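A quick write-up on the structure given underneath.
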C-alpha cells in the first residue's frame, strides 16, 4: 500500500468485501476515485494525495481487484448492476448524508457512467469526472448510428475505433487472457507501461496485477456484448459531467464523444495532450481540474443555484482551461495578443516584460476576458539572474508553467559593416539569450515535473530569409529557430513540445523601436516612421499570430510560418534558396 | 462660419448643439428599449422613427446599429457590412448606435455605446475612451497636424491594448467635417447617406484639395495639415477582441489665437462625459 496516511476499512456488500481507503478531512465533501483495467486503486495515488489537501478522498479496489475479494463464480459477477451496488455501499459507508463526487478512469469511468445515468443513484452523486471510458450505452448508440447511416466519415470512425478496440476482442477469448496475464504479460506489463505509455517507474502497478487483470477480463465479458447490442435508451446523466479526453489515447478515439451533449445536459470538456494512463502521467493537471469542478458544483449546491459553466468559452478552452501560461514581451504586439488569446481560453497568465506598465495592463485586460488569474512581472529577459528569480517566484506562487512563450525581441536593421559589436551584443542578448534563459530555466522546471508542457519560441521569417537589411536580427532569429528544433528533439521524450513561430510582417510596434545601425538620430527616426507606416499598410494583425501560436501548441507543430509572405519564403527557402539569395541582395525601399 | 464660431455662444452653434442633444436623447431612449432578441435592423428602425417623429427629415447618414462582435467590426471587409443586419441582441452583448440626423438645417453625427447588462470589459473600454477625448482636444489646440494626432490616438490605443477600429471606416477616418445643410423638400439617400450632406462634403473635398486640406481626418497624406476651422464629428473607436466601444461628437475648431477658444467640444453634457464624471465622484 503506497498511499501514505490512508485510513483503510472494509465494506461488505453482496458476499464481497471491498477494500476502501480514505484520505483527507472527513468533514469536507467526498471525492470517490474509481480505477480502471488492469489497475487497482493505487493507480490514483498521485492524484489522491493532491486532492486530499482540499477534499475527503475515497478510493476502493473494484471487486476482484487489489485487496477486495472476487465474486464466485466470476462469470456474471461483474455486471454493471453489481458494480453499482458496490459503489452505493461504499458511498453509504464513507458519506452517508451527502452526495459524493465521482471520478473514473478507464473501466472506472465506464462504471461511473452507469452510476451517473441510472435512477437508483440519483441524489447520491454530486458530479462526475470521466476520463478514457465512455458509457457503454452511449457507445452502443454511437455504433448503431454509424451502422444505420454510414457516410464515409462515419465508416472511417467506426473502423478507427474498431481497430483501437483490438484488446476487447482478445479479452473475450476464454482462458487465454488469464494465462497471458498470469504468465509473461503480467511480468512484462510494468516495462510495457513505462516504454509505451511513459508511465513513470515506481510502486505502480502493484504485485496483485496478474490476478487483477485475470479477474477484470470478466468486466468485458459480462457487459460489453450485452450493452452494445441493447444500449439503454434513457442513459441521460443526472449530474454535471466533466469529460477529460487524453488526445493521445491509444484505446479510445476522441470522436466517441462527438454527440455527448445529447446525453449530458451539463457538460464541461477538457482535453489533455497525453496517453491513456493520465492518473499516473498528469496528476497535477487532473487534480487541478477535478478540484475546480468539485468546487464549482459544491458552491452551486450550497447557494441552491444551477451549476455555472466553469469552463471558458474561447477557442481551445478545452485544452488550456486552468493551465499556467507565461509570455515574455507581453506588453505589446504579438506577446500581448498571445496573452489575451490564452486568457480567452481560460488559462492563467503571467505577463512578463521589461515595460512593467505595459505588462500590468496586459494582465489587467487578461482578467477581464476570461483568465481566472493573471500576474504581471517586470523582467528583462536578457538578465539571467532576473530570469532565475522570476522562475522561482512563479513556481512558488503560481506553480510550474504549462506553456512558455519566449516572445520578447528587439529589432535591429542596417548593413553588417555599420553594425557595431555593441549593436550585436544588444540584439543577441535579448533575441537569443532571452530565449536561451527562458528555455533553460523554465524548460528545466517543466522537465523535472515530468508532466509534459510546451515551449513556443517566436523566431521570424527573417530566420530563413537572408537579407542585406537585417543581418544581425536575422542571425539572432535563425539561432532561435535552430535552438527550437534541437530542443524539440531533446524534449520529445519528456512529452514537452517545442514550436518555433515565424510570423513575417506583422503590424506591431517593433518597427518604432528598431535600431537602425549607421543612421543618425533624425535619419533613424525617419526610418522608424517609414517602416512603421509600411508595416501599418500591410496591417497583418498580431491577433492572427496569437491564434497560430495556440494552434501550434494544440497540434504540437515544429515550425509555423504565419503570414503568406512568411509561408512563401519558407517554401522558397526549401525548393529554391537561390531565389531568396537573389532577393536578399535587393535594397529595401526605405 | 469661421467668424461665427469664434464666439462659443453663436446662434449657429446652438443649432448644432440642439441637434446633437436630440440625437443623444434618441440614442438613450432607444438603448433603454433594447431587449434580448431585438435585431440591428429593429434598433436602426427605432432610431429612425424616433427622430422622424421629432421632425428630422434629412440625414447625413441613416442610423446604424451594431451588436456583439460587430461593435468591433470583426471581419469587416466591404462597406456594405456596416449596414444593420438581423443579428439579435443577447444578454451581456455590447451594442453601438450611430446616427447623423439633419434638423433645421444643422447636422450632428453621434455614436453611443452600451451593453445589455453589466460587463466589466465594456466598462473598461468606455473608461479608457476618456483619455482619447482629452488627447484629441489637447493636440488640436496645439495645432498639430491631423495626421500626427491620428497617429498619437492610435498609439494610445495600442498602448491601452486595443485595436484601432476607426481604421475600418471608409478612408480609415477618425473624423469628418460637418456643416449646415440646405433644407430641401426632397432629399434622397444614396447607400444610406443623405445627398445634400454628401454634396457639402464633396465640395469641401474639392476646395480643400486645391488649398491643401481635406474634410476627412485620416491616417493618409491628405490629412497632413493643421486642424481646419469648422465643425468636426470625431469618433475614436476602440476594439478589443469581440467588443468595441466609441463615442462620436462634434469638436469645434476656430482660428482664434486663444487656445481655449481655438478648439472645444461643442457640448460637455453628453452621456459618456456624464458617465466619466459620475465615475470620478464614485471613486
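Laboratory data are not the source of any read-out in this text; all were calculated from the coordinates shown. In this text, all values refer to a predicted model and were calculated from it rather than measured experimentally. Quick reminder, even Gly has a Cβ in these numbers, built from the backbone with ideal geometry, and neighbours come from all protein chains shown.
Structure data summary
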{"quantity": "Inter-site label distance for residue B:221 and residue B:255 at 7 Å from Cα along Cβ, in nm", "calculated": "2.7"}
{"quantity": "Shape of the stretch B:19-168, Cα gyration tensor, a/c cut at 1.5", "calculated": "oblate"}
{"quantity": "Under 18 Å from the residue A:69 label point (7 Å along Cα→beta-carbon), backbone N, the stretch A:188-219", "calculated": "A:212, A:215-216"}
{"quantity": "Rough spin-label spacing in nm, given labels placed 7 Å along Cα→Cβ, for residue A:167 and residue A:254", "calculated": "2.1"}
{"quantity": "Ranked list, fewest to most other Cβ atoms within 10 Å of each Cβ, for B:124, A:393", "calculated": "A:393, B:124"}
{"quantity": "Cα convex hull volume per residue for the stretch A:1-101 (Å³)", "calculated": "90"}
{"quantity": "Tensor-based shape of the stretch A:478-590 (alpha-carbon gyration tensor, a/c under 1.5 rounded, otherwise prolate or oblate)", "calculated": "prolate"}
{"quantity": "Likely footprinting exposure, A:268, B:30, fewest C-beta neighbours within 10 Å first", "calculated": "A:268, B:30"}
{"quantity": "Pairwise centroid distance, computed over Cα atoms, of the stretch A:370-400 with the stretch A:136-177, Å", "calculated": "47"}
{"quantity": "The stretch A:3-49 versus the stretch B:28-45: alpha-carbon centroid distance in Å", "calculated": "57"}
{"quantity": "Degrees between helix A:333-344 axis and first principal axis of chain A (Cα, 0 to 90, nearest 10)", "calculated": "20"}
{"quantity": "Percent antiparallel among DSSP beta bridges (both partners in chain A, rounded to 5)", "calculated": "15"}
{"quantity": "Exercise: per-residue mean of other protein chain Cβ atoms within 10 Å, B:159-168", "calculated": "3"}
{"quantity": "Simple label model, 7 Å out from Cα along Cβ direction - residue B:18 to residue A:149, nm", "calculated": "6.5"}
{"quantity": "Gained length - residue B:49 relative to residue B:281, 0.36 nm times residue gap less alpha-carbon distance", "calculated": "79.9 nm"}
{"quantity": "Estimated FRET transfer efficiency (residue A:88, residue A:489; beta-carbon r; R0 35 Å; 0.05)", "calculated": "0.10"}
{"quantity": "Least to most buried among A:338, B:71, A:378 (fewest other Cβ within 10 Å first)", "calculated": "A:378, B:71, A:338"}
{"quantity": "For the stretch A:563-587 versus the stretch A:329-344, the gap between their alpha-carbon centres in whole angstrom", "calculated": "29"}
{"quantity": "Anisotropy class of chain A from Cα gyration tensor, a/c 1.5 cut", "calculated": "prolate"}
